[in-house]
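The values are calculated or read from the model by the stated rules, or taken from the named source; none is laboratory data. What you are looking at is a predicted structure, and each value in this text was computed from that prediction instead of being measured. Every residue, glycine as well, gets a Cβ built from its backbone with ideal geometry; the counts of neighbours run over all protein chains shown.
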Amino acid sequence: MADRAACPFHAGEQEMHFKTGVWQAVESLGRRMIKPAIGPVHADLLRTLPMLLVTAQDSGGRAWASALVGSPGFLSKRTLQLVDAPPAGSSADPERGTGTLGAAQQAMVAAADTFFIASSSGPLSSNDEEKGGDAAAQGSLPAVAAAFGHDISHRGGPPGFVQVEEQGRVLRWGDYEGNFMFNTLGNLLVHPACALLFLDFSSSDVLMAAGDAEVLHKDRELPGAHRAVRFTVQEWAHLRGELPLRQQGEPEPSPFNPSAQ
């Protein structure tokens, strides 16, 4: 069996791999695919995109997710400095809340057919960060540095696939078959703090929520789901009409969408 200590997946991801019986195949794939830098093929793709999804922690350590939008080509190699205040010229004045989503926010979640979840494997020690930086500069990446980091992933389904529960305090959705890397669920096992991002391409509204999530391994109540994720809202912010991207025509649902019933 491969050496788990040298694997480019952290303990939470490895736990998911063993629980689902994919450890050996995924560990081998990870060694080949996980790199210290974006390659030229993916760099060329990024230059064609009008949107970049980002995640970061605020001064209190709470995770948030958002989107950077621009004309194709606005993405290039750069260092970004994130600030609390909206950029100059922005009319952004979000509605905010804590603990429970309001009626409008619950309706937006219930109608959503897509959202993004940002998660993290938690902080590294300063010694581990130093090792990772040195190795990346040399074009290699040890297991501890490769496994560490932030991740933002897509979740999609028909409207209603995200369940609003406990009067807007809890959101729950099914977890379906994917690439078996389990980056998000592995992160949640070791570091439950995460963030959700809902983008409404019809109204241009943006809903950001921060909280904790739990992987419910035995919850198969939702049709076709292998398990479920339960997210408890701690804080949220709702920007109305601030997303520069607008939907053109009627959306075409994916044929692989799970049932929402």
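Points worth noting:
- Residue within the stretch 66-87 that is polar (S, T, N, Q), at pLDDT 85 or above and outside any loop (DSSP other than H, G, I, E, B) present: yes
- Residue check, Leu207 in contact with a His (Cβ under 6 Å, 6 or more places away or on another chain) and more than 20 Å from Arg227 (Cβ to Cβ): yes
- Out of Pro251, Pro255, one residue alone is outside any strand (DSSP E or B) and free of Cβ contacts under 8 Å to residues at least 24 places away in the same chain. It is Pro255.
- Residues of the stretch 168-210 that are small (Gly, Ala, Ser), surrounded by fewer than 22 Cβ atoms within 10 Å (Cβ to Cβ) and over 23 Å from Val22 (Cα atoms): Gly168, Ala193, Ser202, Ser203, Ser204.
- Matching residues, the stretch 221-239, being acidic (Asp, Glu) and at pLDDT below 95: Glu221
- Here is the figure for the stretch 16-50: residues that are at pLDDT 90 or above and either in contact with a Lys or Arg (Cβ under 6 Å, 6 or more places away or on another chain) or closer than 17 Å to Asp151 by Cα (or both) total 1.
- Here Glu235 meets each of (1) over 18 Å from Ala107 (Cβ atoms); (2) more than 19 Å from the chain's Cα centre (by Cα) with one exception, condition (2).
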